[in-house]
Amino acid sequence: MQPLVLLFPGQGSQKPGMARDLADAFAPARETLAAIDAALGVALSRVMFDGPADELTLTHNAQPALLAHGAAVWATVRDAIRGRVVAAAGHSLGEFTAHHAAGTFDAATGAALVRRRGLLMYEAGVARPGAMAALLGEPDRPIEEICAQATAEAGEVVPANYNCPGQLVISGEVAGVERAMELAKAAGVKRAVRLQVSGAFHSPLMAPARAGLEAALAEAPMQDPAFPVVANVDAAPVTTAARARALLAEQLGAPVRWTEVVRTLAASHPGALFVEMGPGTVLAGLVKKIAPEVETVACGTAPEVEALLARVAAPASA
């Protein structure tokens, strides 16, 4: 029986129409989305289904929408696959969805947490405007060194996402990010592209948001996860609610070490099928660049759910 590793995407994967076909096809998906709408007191599912894109992209909508989509998929397939799941991980806010799947908290609690997280991040971005940029291609000097030089010369900037070899994201003060982009290009990076975001996520500029998120996490009912969730902060498996609380708060200002997360999962679970639960295939694409030997499947639409259910129900080949 092939073990399964669950992956949950982060902000940027949302799109109008997300999860609509799941709600049409599967009662557990409908029930999960309705429970999240009720918990938030807003018709989040309407924004997910119908947009407009500008409204869905708002941080306090995009984050719970992505959790809701992942939770709807998980509710639909959980009974069929949970005996095979050996670990999970999520990119940035996706780590909250991973914890929901692991039973650390229910879907309504998770959605409320990430909506609060999104609001706190937006407010921090308004209070101290910042920027983020993607760097494509390998620089011929360490990104940490580039950021340190840009910080000294222009403004604070740090590595924010180690997405895969050849794909980094930096975050910080606008002048620092712009200087780091110049230095990265001089160091051989092929492209440096500013991202459309409302703040300098995963940087020290998010510090004002941390206390509010810590308070929300402290009040949220949580229990130890049923399977390990590999954390963004240190790429180590989380097995207790206390550790989950600490790392989900720390994650706000810390880099997403996705390359290390995937390598940890691949080394710990050789032969596992990595299942991306949510809209799109961003994480599956990153996994292929980090650990090409790993088999991945997408599970975000009704046909993809049907395919996964058929696969796990099929008798093992001789």
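With Kirkwood's inverse mean 1/r over C-alpha pairs for Rh, give me the Rg to Rh ratio of the chain, two decimals please. Ratio of gyration radius to Kirkwood radius: 0.97. Sequence gap at least 6, Cα distance under 8 Å: using those rules, report the relative contact order of the chain to the nearest whole percent. This gives 23 percent for the chain.
Amide H neighbours of residue 167 under 5 Å, counting only residues 5+ apart in sequence or on other chains, H built in-plane at 1.01 Å? So residue 167 has HN proximity to 137.
The H on the amide N of residue 236, modeled in the peptide plane, is under 5 Å from the matching H of 231, each at least 5 residues off or on a different chain.
As a test, work out the antiparallel percent of DSSP beta bridges whose residues both lie in the chain, rounded to the nearest 5. Intermediate values should be presented prior to the final figure.
Working: 18 of 33 bridges.
Expressed as a percentage, antiparallel bridges in the chain total about 55.
The charge dipole of the chain, taken about its Cα centre with unit charges on the Cβ of Lys, Arg, Asp and Glu (plus for the first two, minus for the last two), comes to roughly 200 debye. From the alpha carbon centroid of segment 101-162 to that of segment 273-292 is 21 Å.
When the label point is put 7 Å from the Cα of residue 86 along its Cα-to-beta-carbon vector, which residues of segment 1-41 have a backbone N closer than 16 Å? The answer is 1-7. Simple point charges give the picture: +1 on the Cβ of Lys and Arg, -1 on the Cβ of Asp and Glu, and for segment 106-185 a dipole about the Cα centre of about 360 debye. Projecting the Cα atoms of 247, 229, 275 onto the dipole axis of segment 215-288, where Lys and Arg carry +1 and Asp and Glu carry -1 at the beta carbon, places 275 farthest toward the positive end.
Just the accessible area per residue of the chain, please: how many Å² with a 1.4 Å probe? Please report the intermediate quantities before stating the final value.
On the way: 12420 Å² over 318 residues.
About 39 Å² of surface per residue is accessible.
Mean sequence separation of contacting Cα pairs (under 8 Å, at least six apart), scaled by the length of segment 17-78, corresponds to a relative contact order of 46 percent. Taken over the C-alpha atoms, segment 1-118 has Rg and Dmax values of 13.2, 43 angstrom. Once the Cα-Cα distance is subtracted from the 0.36 nm per residue extended length, the residue 309 to residue 268 segment shows a gain of 12.3 nm.
Take residue 162: with every protein chain present and a 1.4 Å probe, its accessible area is about 40 Å².
One decimal place: the segment residue 140-residue 260 gains 41.2 nm when fully extended, by the rule 0.36 nm per residue minus the C-alpha distance.
Helical runs (DSSP H, four residues minimum) scored at -39500 (n - 2.57) apiece and divided by the length of the chain put the mean residue ellipticity at 222 nm at -16000 deg cm²/dmol.
Among 75, 200, 299, pick out the residue whose Cα is farthest towards the positive end of the charge dipole of the chain, where Lys and Arg carry +1 and Asp and Glu carry -1 on C-beta, about the Cα centre. Final value for the positive-end residue is 299.
Database remark: amide H of residue 295 closer than 5 angstrom to the amide H of 274 (H placed geometrically; neighbours at sequence offset of 5 or more, or on other chains; Pro and chain starts carry no H).
So, with a 1.4 angstrom probe, what is the percent of accessible area on the chain that is carbon and sulfur? Let's see the in-between values first.
Details: 6790 of 12420 Å².
C and S fraction of accessible area: 55 percent.
About its Cα centre, segment 18-145 has a charge dipole of approximately 380 debye under the convention of +1 per Lys or Arg Cβ and -1 per Asp or Glu Cβ, with nothing else charged.
The values are calculated or read from the model by the stated rules, or taken from the named source; none is laboratory data. Keep in mind the model is a prediction, meaning the values are calculated, not measured. All Cβ positions, glycine included, derive from the backbone under ideal geometry; neighbour counts span all protein chains shown. Quick note on the areas: whole protein, heavy atoms, side chains included, nothing else; ligands and nucleic acids left out. Shrake-Rupley method; radii C 1.70, N 1.55, O 1.52, S 1.80 Å.
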